[in-house]
Amino acid sequence: MSFSTKLTSFFRLLKQAVKGGEENFTEGSIDRAIFLLSVPMVLEMLMESLFAVVDIFYVSRLGDNDAIATIGLTESILTIIYSLAMGISMGATAMVARRVGEKDIPAAQVAAAQAIYIGIGLSLIISVIGIFFSTDILRLMGASESLIANNSGYTRWMLCGNLSIVMLFIINGIFRGAGNASIAMRALIISNGLNIAIAPVFIFVFKMGVEGAAIATMIGRGSGVLYQVYHLTKGKGLIRLHVQNMGVRWDIIWRLIKVSAGGTGQFIIASASWIFLVRIISTFGSAALAGYTIGIRVIIFAIMPAWGMANAAATLVGQNLGAGLPERAEKSVYRSAFLNMIFLGIVTIVFYTLAGPIVRIYTDDPAVLESGMQCLKIVSLGYIFYAYGMVIIQSFNGAGDTLTPTILNVFGFWLFQIPFAYLMAIVLEFETTGAYIAIVTAESAMAIVAIIIFRRGKWKLVKI
């Protein structure tokens, strides 16, 4: 086959991946299946990661370290919400993918509706907490009284508007389980495009500052959810919700909660550890915290697309296990992990060599710049292990084995990372450097253990 023919075939496949539509990923080329799923999922996660850097980019122009620190503190709180939403999303993806693999589409549609009901109930609880306890939460996180007085509106808006966050995650998980990742991608493109366009209007024109960034984010995410709902109710895909399949099914809700509990537990454990890390870093002042916030946002920008590859592996595992093809599922995981490792390996080189110019996009404050560069350089060193490990862990989740990654997170984060970070940063007085070293060490160790457990193959026997 000539080079021009190969190039034509590549762009044809790329167009197909972006255009989307449910496909049977239980047969044919594994590389083709990975490509068709990964392209929209990587773009989806890239769009999600844009939310992490757009607010910081605009708010940093205010020249207020407290405003940047507010985003960092709030984001550490929001990770709990992300954890809950992603856990339910994982359960939805696993159950929908398994039913699609079994060719039981009506059951997949019913499962999708129940996942949405769980998300709505969760969101209402979080909104009440946001209304009454936003300032108390910031104070508990170590925020100064001036920061709380001037910027707590950002935290309140983000917590009270959490429905758009929760629904965006859960409905995208449903579409991913059905093999139609392109709708999830387009929802995030709409959300980000609107957020990027209106954020400067609310921040600078309406002079709402950091609070305006939160309002713009909620409007952007909400628009993406409306797009998702349209395709769930009026679209032509496998998953279509209507009166007949939207009745409450407590038995399926309970099964979804059990499957999602492990995924939720994983992310809550990880997120809570990040909250403790933020608490440790906040002891070294607003400049250190602002630098950490910028560095982590940039890191998330790179890691989120890598999660797209991991999510593709989860869908392939779910569908192939549903079709009774465990060996094909395993091959898909190893191939996805290898490709992900190459991608994040390249990102490591870029971040390490260009840390200064990247962080200068957000700040010219010397103290903040030094902290951000330090975070970016040290944490990115763990990308190679993390790239492989995240695919393995998501594959456990795709199989419905959410317990194994949960146990890994308990040991890796709570019994290792947090004590080690405290020891390095506070006791041994390495300060922020010690905290960043703890992050790399813990993530790398967890990835190695996950690979060892995955090779034993017990995940192939999970029933959901």
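Where a number appears in this text, it was derived from the coordinates with a stated rule and is not lab data. As the structure is a computational prediction, the values presented were derived from the model and not from experiment. Neighbour counts are summed over all protein chains in view; Cβ atoms, including those assigned to glycine, are modelled from backbone coordinates with ideal geometry.
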Query - Neighbourhood net charge (10 Å Cβ-Cβ; Lys/Arg +1, Asp/Glu -1) for residue 323 - result: +1
Query raised in the report: How far apart, in nm, are two points set 7 Å out from the Cα along the Cα-to-Cβ line at residue 61 and at residue 430?
Result: 3.8
Report summary line: With Cα coordinates, the longest principal axis of the chain makes an angle with the long axis of helix 3-19, in degrees rounded to 10, of 80
Query raised in the report: Which order, highest average first, do 193-205, 53-65, 230-242 follow once you tally other Cβ atoms within 10 Å for each residue and take the mean per peptide?
Result: 53-65, 193-205, 230-242
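Which FRET efficiency, nearest 0.05, do residue 452 and residue 103 yield, Cβ-Cβ r, R0 41 Å?
Working: r = 34 Å, r/R0 = 0.84.
The computed FRET efficiency comes out at 0.75.
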**Report entry** Order by protection proxy (mean Cβ within 10 Å, highest first), peptides 216-223, 279-286
**Finding:** 216-223, 279-286
Query raised in the report: At what distance in nm do the modelled label points of residue 410 and residue 140 sit from each other, each positioned 7 Å from its Cα along Cα→Cβ?
Result: 2.2
Query raised in the report: If the viscosity is 1.306 mPa s and the temperature 10 °C, what translational diffusion coefficient in µm²/s does Stokes-Einstein give for the stretch 293-415 when Rh comes from Kirkwood over Cα pairs?
Result: 102
Query raised in the report: Hey, rough spin-label estimate for residue 346 and residue 226, points 7 angstrom out along Cα→Cβ, what's it come to in nanometres?
Result: 3.7
Query raised in the report: What angle, in degrees between 0 and 90 and rounded to the nearest 10, separates the Cα long axis of helix 366-380 from the longest principal axis of the Cα atoms of the chain?
Result: 30
Query - Percent RCO, i.e. relative contact order, over the stretch 27-461, from Cα pairs under 8 Å lying at least 6 residues apart - result: 24
Report summary line: Plugging the Cβ-Cβ distance of residue 354 and residue 246 into 1/(1 + (r/R0)^6) at R0 = 56 Å yields, to the nearest 0.05, a FRET efficiency of 0.65
Query raised in the report: R0 = 25 Å: FRET efficiency of residue 197 with residue 32, Cβ-based, nearest 0.05?
Result: 0.10
Query - Degrees, to the nearest 10: 105-140 long Cα axis against longest axis of the chain - result: 10
Query - Cα-based reach from residue 458 at 12 Å (exclusive), listing aspartates and glutamates while leaving out same-chain residues under 8 positions away - result: 330, 401
